[in-house]
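Take a look at the structure below.
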Ligand code: GAF
């Protein structure tokens, strides 16, 4: 039944492992974090949109015709894009007032934009009574990012926002879009996952992201594959010999070894051994630094310092070129690690990092007033 107003929240995510594998139709293992975006959508007169954010001063007002791909709407594009996609799919959309309020750090590699789009999509579908299930919402929110905003991302972030459950990481197969909950209990093992937001942002991140994606697609085509997912460790060495140039070889090696690391991490978590996944996290970072080349000095320093302070493993998380590092470490070492990273950043002249301990939280949910 259509309603006049609805409020939904969707979380950010940490990707435990499985980076830049999603658009290669591979594996990833994200978990939802406690920080989330809350969207309240209210039906108003007319057919336009009024978009407001608790984190911003300005109000974005759009007539129906302004809601089209290519419109340079910055953050509000993730909101307007939902309305565009819903209209494209045949729904009649009245005027809407959309208010968002997010605690997900922006530009930190923690998926603030998918949290925004997913919370708005759930609230919009609720007020319009569209009856979309989570699979349809996944397709819709991916389309917002790919077709409206124009970011060639791979679907991992929306999957995490929509399907995660508390206490679990989400094992994602991006080819079938099948997911499975994998228990992620680190506190029971006296461990903690520390997020280190380096506050570094790379000016060319979106161009670099597209370049990596294109490179992977080129490598797959040259190997006669639909995607690099079809390649496994057994076929890697001979595939690398068949590829021209160092760059495509490095990209391919990262994707294939990263898929393998995800599978191994899942096995260890299934066996109840989260304390054993550290070397896989660190190897993932090395692969992203040396083969995929998407780290920046702030990310590498945070990883090195975390390992030096006793972390079992550490890696960058998210799209790269800045953003956050996660470190898995004995819980009692958290304050020492935070201090050591802050000191190292000051010594390097980097911005002061922001840190917080995180745990696997729940996916998108309705927020009932009162
Ligand atoms: C970003 C993208 F949005 C995801 O689709 C994914 O590719 C990730 O970078 C890297 O794993 O978050």
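Quick notes on this structure:
- Short-range pairs are left out: with C-alpha atoms under 8 Å and at least six residues apart, the relative contact order of the stretch 2-99 is 30 percent.
- With 0.36 nm allotted per residue and the present C-alpha distance subtracted, the residue 347-residue 222 stretch has 40.5 nm of extension available.
- Förster-model FRET efficiency, 41 Å R0, residue 89 and residue 304, C-beta, rounded to 0.05: 0.30
- Stretched out straight at 0.36 nm per residue, the stretch from residue 47 to residue 257 would grow longer than its current Cα-Cα span by 70.7 nm.
- The stretch 165-206 shape via C-alpha gyration tensor axes, a/c threshold 1.5: oblate
- Between the helical axis of 297-308 and the longest alpha-carbon principal axis of the chain there is an angle of about 60 degrees.
- DSSP assigns beta bridges within the chain; of those with both partners inside it, close to 90 percent run antiparallel.
- Angle in degrees between helix 205-222 and the longest Cα principal axis of the chain, rounded to the nearest 10: 70
- Only Cα pairs under 8 Å and 6+ residues apart enter the sum, and on that basis the relative contact order of the stretch 166-232 stands at 16 percent.
- Relative contact order, percent, the chain [alpha-carbon distance under 8 Å, six or more residues apart]: 24
- The protection proxy used here, the mean number of other Cβ atoms lying within 10 Å of each residue, ranks peptides 177-190, 242-255, 23-36, 356-369 as follows, highest first: 23-36, 242-255, 356-369, 177-190.
- Paramagnetic reach from residue 61 (point 7 Å along Cα→Cβ, amide N under 17 Å) across the stretch 90-114: 95-99
- Axis angle, to the nearest 10 degrees, between helix 334-348 and the longest C-alpha principal axis of the chain: 90 degrees.
- Pairwise label distance in nanometres, residue 242 with residue 268, each label 7 Å out on the Cα-Cβ vector: 3.2
- The chain: most fluctuating residue of 17, 277, 326 per GNM, C-alpha cutoff 10 Å: 277
- Ranked by the mean number of other Cβ atoms within 10 Å of their residues, highest first, the peptides 331-343, 298-310, 111-123 fall in the order 111-123, 298-310, 331-343.
Values in this text are rule-based calculations from the coordinates and carry no lab data. Note that the structure is predicted; figures quoted are calculated from it, not measured. Positions of Cβ are generated from backbone atoms using ideal geometry, with glycine treated the same way; all protein chains shown enter the neighbour counts.
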